[in-house]
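To start, the structure under review is shown below, and the notes come after it.
Laboratory data are not the source of any read-out in this text; all were calculated from the coordinates shown. Treat the numbers as computed from the prediction; the structure is a model and nothing was measured. Using ideal geometry, Cβ is built from the backbone for each residue, glycine included, and neighbour counts are taken over all protein chains shown.
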Amino acid sequence: MTLVTIAASYGAGGSRVAPGLARRLGVPFLERPPVLELLDDEEARACDERLGSGGLLSRIASMAVAWGTPAGMTVEELLPDEGRRREVETEVRDFAAAGRGVILGRGAAVLLGDDERALHVLLDGPEDARVEQAMAIERIDRETAKGRLSRMDRFRRAYLEGLYGVDPRDPGVFHLVLDSTAIPLDDCVEVIAGAARRKAGAA
């Protein structure tokens, strides 16, 4: 019974580590939320073409990253409404009910904070190092990466603080915090896999 939630700051490599961990553990993977219908079809296609459609970012995050906030919206206004929030929460809890899997994002560390089966992980690192890593992962220039980092860090903090009143930097939110800019991403997978297996064994 191996259940892991992974939160990742922009450029920390969550999109690489989380699916890699699921493969390493042989468990299902629940990625960041799929499309949130805040863009029309033409805008969505343009966004997909610009950032790629391989699951790197959800569409709501893609808007915040690529263009800042559309139509003068604030980062907070990009957060899901109550209905969509309940859908995401239900998806997380339904997925976790089996007691095995890896969940990326979705505020899962907060939603499953009392679940003794779960290991909650945060991937982070210094801003400059995350910019460098984002440049390599997304094949973008430094200015673009810095802009995306600023917007995405704000968005992800707003997601946890605005929706759940939780500061991700507070002690106790995560069991394991890794600087995934200093530790190679493949090694992060191994560290988390080992911790998850030991936690599962102890449980």
For peptides 94-102, 122-130, 161-169, sequence by mean Cβ density within 10 Å, most packed first: 122-130, 94-102, 161-169
Å³ per residue enclosed by the Cα convex hull of region 90-159: 108 Å³
